[in-house]
């Protein structure tokens, strides 16, 4: 459902993402791991068509994100790092708007909004103004916006950041449910919380300094009682030794920095 | 195409839950009332003087349209260069500041859906301003007999001016994430458009007659004047439509340009 073919993004001399390729199928939940500034957000933005890649292509459900933008975008639910909310709208008004611009047919909009509200536990705040909600609720409104049109593909950029432990558990079980349920969504979620990956992901893609350094099922990685943390530390450390001399130390992501 | 109204409706609703819409409507109406009152007082004064001096020829020519409505609409069109930037400053800049541009640009909306939706919201607001201003000359029909066609042409000119300014404001808002910068940029561009004619007339361009002619054409003043004097000429109407089209094309390019970086 999600396919990256040699995705690269360069900002002048800065290489944010360097030739990343992977495929994610139906019903898979993939943890997209990497230290801060590794290129996670940039990669996800290229998958959603928000940023054009310098090289390579991204396909969603077989549609080129830029060549067949409309078809690809219809199939994606995307939760950016900062949930894209209008603070002055109320929750259900916001979701109705998202459903409209996401091409949910008029007759199904109400049901789609109700379902998203229910799934994300937003029933009691449906008439509240988004700007007055706590961070946890806002995150959930963002997630509800990402799933309101029942997309087969979900791209979630740090979906549990800023939530309390109970909310985190709820969101995690929701994501698992989305992948397993009738919809059989393909889910990719970025995080740097390793426990999260262990809790919900079936597979791990680890990127470091813009390059994919690990891509394997979780059970394989943690076979023999190995800790994900050790693998993470080893992979990210090895790269520093290998490339440290040749590459510039800073591999910032300008796109991320631009966020307020 | 069906998504454009959705974008426009959301934009209008958000204008009316923010204080901006109310501040703009209140101040613009207040100013209109003030200019109108000033016009009426000076009209009455001129009338009285003309009668005192028994200037019958002058009295013959004097009418509500030329002496009151046209100058009034002229003042209101100048005020628009402060008002429209206030309405349009948030259109695109606030999306970028909120991060909601990421929602719009990853949705099936095309860039034209976004640009036209937002512009339509601003244009609807301009229509509302036109209605509010139109209320004052309408009062005169109760107490005098101004020419309907001439008055309507003047209000059309005001609305067209507002629509053209709104397109410029859209563009200013699309190049920055700061509403303040969007406001100032729009204001400066509109001010330049307004004084361009005066610059051309001063002959500041030396001997380049074609440049002088071009700047004169580019200036809003002459086109608005024709309309407010009741001359609905296609070329003047076309001028405003060209301004709208150029503004929106530039806006589209600016919105699209996030993809080039």
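Quick notes on this structure:
- Calculated Rg and Dmax of the stretch A:114-234 using C-alpha coordinates, Å: 15.8, 50
- Paired Rg and Dmax values of the stretch A:1-90, which use every Cα atom, in angstrom: 13.7, 43
- Dividing the Cα radius of gyration of chain A by its Kirkwood radius returns 0.97 for Rg/Rh.
- Across chain B, the mean sequence separation of Cα contacts (distance under 8 Å, 6 or more residues apart), normalised by length, yields a relative contact order of 25 percent.
- Take the Kirkwood radius over Cα pairs of the stretch A:29-159, plug it into Stokes-Einstein at 20 °C and 1.002 mPa s, and you get 139 µm²/s for translational diffusion.
- Stokes-Einstein diffusion for the stretch A:180-237, with the hydrodynamic radius set to the Kirkwood value over Cα pairs and evaluated at 4 °C in a medium of 1.567 mPa s, equals 105 µm²/s.
- Within the protein assembly as shown, percent of DSSP bridges classed antiparallel, to nearest 5: 55
- Computed from Cα atoms, the angle from the helix B:148-174 axis to the main principal axis of chain B rounds to 30 degrees.
- Long-range tail of P(r) for the stretch B:212-258 (Cα pairs > 15 Å, %): 53
- Distance histogram in 20 Å bins (all Cα pairs of the protein assembly as shown, percent per bin): 20, 42, 24, 11, 2, 0
- Max mean-square fluctuation residue, GNM over chain B, Cα-Cα springs under 10 Å, options B:171, B:72, B:16: B:16
- Dimensions of the stretch A:137-190 along the principal axes, based on C-alpha atoms and rounded to the nearest Å, stand at 28, 18, 18, largest first.
- Between residue A:14 and residue A:173, the simple label model (points 7 Å from Cα in the Cβ direction) yields a spacing of 4.1 nm.
- With helices as the sole contributors, the protein assembly as shown gives -19500 deg cm²/dmol at 222 nm; each DSSP H run of n ≥ 4 counts as -39500 (n - 2.57), and the sum is divided by every residue.
- For the stretch A:85-150, Kirkwood radius (reciprocal of mean inverse C-alpha pair distance, Å): 11.3
- Solvent-free Debye scattering, log10 I(q)/I(0), computed from the Cα coordinates of the stretch B:7-46 at q = 0.18, 0.20, 0.28, 0.35 Å⁻¹: -0.59, -0.64, -0.85, -0.99
- Going from the residue with the fewest nearby Cβ atoms within 10 Å to the one with the most, B:176, B:106, A:43, A:100 rank B:176, A:100, B:106, A:43.
- Residues B:214, B:240, A:22, sorted so that the one with the fewest Cβ neighbours within 10 Å comes first: B:214, A:22, B:240
- Quotient of C-alpha Rg and 2.2 N^0.38 Å, computed over the stretch B:1-96: 1.64
- Averaged over peptide A:43-49, the number of partner chain Cβ atoms lying within 10 Å of each residue's Cβ comes to 2.
- For chain B, the mean projected area of the C-alpha convex hull, equal to one quarter of the hull surface, is 16.9 nm².
- At q = 0.11, 0.12, 0.13, 0.14 Å⁻¹ the log10 of I(q)/I(0) for the stretch B:37-155 amounts to -0.56, -0.62, -0.67, -0.73, computed by Debye summation with a single uniform scatterer per C-alpha, solvent ignored.
- Largest first, the three principal axis extents of the alpha carbons in the stretch B:115-224 are 49, 40, 21 Å in whole numbers.
- Degrees between helix A:228-243 axis and first principal axis of chain A (Cα, 0 to 90, nearest 10): 50
- Counting only alpha carbon atoms, the long axis of helix B:70-88 and the longest principal axis of chain B meet at about 10°.
- Peptide A:83-90 is shielded by partner chain Cβ atoms: per residue, an average of 6 of them sit within 10 Å of its Cβ.
A short reminder: the numbers here are calculations on the coordinates, not readings from a lab. Note that this is a predicted model, so its numbers are computed, not measured. Here Cβ is always computed from backbone atoms with ideal geometry, including for glycine, and neighbour counts include all displayed protein chains.
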